[in-house]
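A.B. asks: Pasting a structure here, questions to come.
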Amino acid sequence: MSVTEATAEIFVTAFKALKRKERDAVLQKLVTDAELAEDLADSLALEARRGQPHIPLGDVLKDLRIRV
């Protein structure tokens, strides 16, 4: 396990140990901070698309040119 993974594991373990009200306060801070909220949204989008097939950029651009 890398240092980054270990740090993430510690953070998540500590977060899960919080009482519900405390977790809600942390989540509220995450979503009301514009930069953190954007990072969170990006991470969620990446995770949701993790298993999707990849399309080369050239193919996408070619398809867009045909449609326009």
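Every number in this text was worked out from the coordinates using simple rules, so none of it is lab data. Computed from a prediction, not measured in an experiment: that's the story for all the values here.
A.B. asks: May I ask you to list the residues in segment 1-16 that are polar (S, T, N, Q) and under 17 Å from residue 27 (Cα atoms)? Full working, then the answer.
C.D. replies: So in segment 1-16, the residues polar (S, T, N, Q) come out as 2, 4, 7, 13.
The one that is polar (S, T, N, Q) and under 17 Å from residue 27 (Cα atoms): 13.
A.B. asks: How many residues are more than 14 Å from the chain's Cα centre (by Cα) and of a type in the set (D, E, K, R) when one looks only at segment 26-68?
C.D. replies: Residues in segment 26-68 being more than 14 Å from the chain's Cα centre (by Cα) and of a type in the set (D, E, K, R): 7 in total.
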